[in-house]
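Okay, structure first, notes after.
The values are calculated or read from the model by the stated rules, or taken from the named source; none is laboratory data. As the structure is a computational prediction, the values presented were derived from the model and not from experiment. Note that each Cβ is placed from the backbone with ideal geometry, even for glycine, and that neighbours are counted across all protein chains shown.
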Amino acid sequence: MVGKLKLFFIVFTLGFCSILSFGQDVHFSTFNANPMFLNPANTAFGSSLFRVGTMYRNQWSTVSSGYNSYLLTAEVLPYSSRVRRHGIGLGVNFLADVAGTLRYGQQNIGLSLSYFKGIDANRDHYISFGLQANTTGWGYNLANSVFGRNPEDAEGIFLHNIRTFDFGLGAHWQLKANEKHNLQAGLSFLHINQPNLSYYESEDILLPIKINAYFSDLITISYNYSLSPSIFFQKQDKFLEFVIGGDYNINLSETVSSSKILSFGAYYRVIDAMIVMAKYNYNNFHFGISYDLNLSRLTPASKTYGGVEIWLLYSFNPVSYKKSRTSIPCPAF
């Protein structure tokens, strides 16, 4: 099985290297820093009862006013059973994005529900399914505009604030194939109902479906070192994004009861940017920073500057939790 999955990894990589890389919806370069944002099937899927996370991205600050994106997530595992090898997760996310002189952006509130189930009693082999519902406010600062202030120059724009409702779903698969390979893959579909996103009161302008697909492998080299190669593909209407790369992980733990892992990563977003990052895992804390080096046709304006991201993910249990329940293995991103 591992040999076939490696072959799939190589074929998938070569097959998409010619794809142009663009983005449309709000996204983060460190796609695997927040599992629930990547795929609703990852909601609360892990070894802890609670998980909270936050991300911030600043992009293209040299071009106009640039983009600023903020993410806050909270997850809880209200039910899990080690004996039956299944569980239910709940999550909520808050997303805000502001860009340019108009301060155009969105404010999103989303709810996620997941169900995961062990499918092999002899090893850590799980599959998970998730649903997501969102309500989003879209708009801009009318006072900063040079249009729409008077009826005669409205240019057909009747609204400066609109609200949409949409839903999505996803699936996640995880397998500890052996002592050296921990594999996972996932697929999610967002904005499935394609809500109306028009400032002209038109029924023809829709928010397209967004597709996320990913595959990764945690490869153990020795007790102290490991590699985490990953590939990520995103499609929304005619806009495509393909990212390939990986992390080099150094285990600094002094005892088996503690976790101290330092990681350095490099990723390439095809025909768009080189992404470098550093991560540190200290017990239940995961935090890191990344930077995009712009390589696209926007380079003359951006001066090769791209985007910087910082993030934090924290998982925890109440004091009495481990005494009454046992945990589900956590995905290895």
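Here is a yes/no grid of residues against (1) in contact with a helix residue (DSSP H, G or I) (Cβ under 9 Å, 6 or more places away or on another chain); (2) closer than 28 Å to LEU295 by Cβ; (3) among the β-branched types (Val, Ile, Thr):
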| residue | (1), (2), (3) |
| --- | --- |
| PRO208 | no, yes, no |
| ILE221 | no, no, yes |
| ILE231 | yes, yes, yes |
| GLN234 | no, yes, no |
| LEU252 | no, no, no |
| LEU262 | no, yes, no |
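Test of understanding: among LEU72, LEU131, which residue is modelled with pLDDT of 95 or more, within 23 Å of TRP311 (Cα to Cα), surrounded by fewer than 20 Cβ atoms within 10 Å (Cβ to Cβ) and hydrophobic (A, V, I, L, M, F, W, C)?
Testing whether each residue is modelled with pLDDT of 95 or more, within 23 Å of TRP311 (Cα to Cα), surrounded by fewer than 20 Cβ atoms within 10 Å (Cβ to Cβ) and hydrophobic (A, V, I, L, M, F, W, C) leaves just LEU72.
Which residue, of GLU179, GLU254, is out of contact with any Gly (no Cβ under 6 Å at 6 or more places or on another chain), surrounded by fewer than 16 Cβ atoms within 10 Å (Cβ to Cβ) and in contact (Cβ under 8 Å) with a residue 12 or more places away in the chain?
Of GLU179, GLU254, the one residue that is out of contact with any Gly (no Cβ under 6 Å at 6 or more places or on another chain), surrounded by fewer than 16 Cβ atoms within 10 Å (Cβ to Cβ) and in contact (Cβ under 8 Å) with a residue 12 or more places away in the chain is GLU179.
Only one of these is at pLDDT below 95 and surrounded by fewer than 14 Cβ atoms within 10 Å (Cβ to Cβ): ALA301, ALA273. Name it.
So the residue among ALA301, ALA273 that is at pLDDT below 95 and surrounded by fewer than 14 Cβ atoms within 10 Å (Cβ to Cβ) is ALA301.
Residues checked against (1) outside any loop (DSSP other than H, G, I, E, B); (2) not hydroxyl-bearing (Ser, Thr, Tyr):
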residue: ASN182; (1), (2): yes, yes
residue: SER188; (1), (2): yes, no
residue: TYR199; (1), (2): no, no
residue: ASP217; (1), (2): yes, yes
residue: PRO229; (1), (2): yes, yes
residue: ILE244; (1), (2): yes, yes
residue: ASP247; (1), (2): yes, yes
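Filter the stretch 201-215 for residues that are in a loop (DSSP other than H, G, I, E, B), among the charged types (D, E, K, R) and in contact with a strand residue (DSSP E or B) (Cβ under 9 Å, 6 or more places away or on another chain) and give the result.
GLU203, ASP204
Does any residue of the stretch 55-64 turn out to be of a type in the set (Gly, Ala, Ser), modelled with pLDDT under 85, surrounded by fewer than 21 Cβ atoms within 10 Å (Cβ to Cβ) and over 14 Å from the mean Cα position of the chain (by Cα)?
Residues of the stretch 55-64 of a type in the set (Gly, Ala, Ser): 61, 64.
After this cut, where a residue has to be modelled with pLDDT under 85 as well, the list is 61, 64.
If we keep only those that are surrounded by fewer than 21 Cβ atoms within 10 Å (Cβ to Cβ) too, we end up with 61, 64.
Checking the rest, the ones that are also over 14 Å from the mean Cα position of the chain (by Cα) come to 61, 64.
For the stretch 55-64, residues of a type in the set (Gly, Ala, Ser), modelled with pLDDT under 85, surrounded by fewer than 21 Cβ atoms within 10 Å (Cβ to Cβ) and over 14 Å from the mean Cα position of the chain (by Cα): present.
Restricting the search to the stretch 257-269, which residues are among the small types (Gly, Ala, Ser) and surrounded by 15 or more Cβ atoms within 10 Å (Cβ to Cβ)?
Hits for the stretch 257-269 are SER259, SER263, GLY265.
So ILE162 passes all but one of these: (1) in a loop (DSSP other than H, G, I, E, B); (2) touching a strand residue (DSSP E or B) at 6+ places or on another chain (Cβ under 7 Å); (3) farther than 29 Å from GLY89 by Cα. Which condition number does it fail?
(1)
Considering each residue of the stretch 218-249, count those that are surrounded by 14 or more Cβ atoms within 10 Å (Cβ to Cβ) and either in contact with a His (Cβ under 6 Å, 6 or more places away or on another chain) or more than 30 Å from VAL26 (Cα to Cα) (or both), and give that number.
3
Looking only at the stretch 246-281, which residues are hydroxyl-bearing (Ser, Thr, Tyr), closer than 23 Å to ASN317 by Cα and under 21 Å from the mean Cα position of the chain (by Cα)?
Selection gives TYR280 alone.
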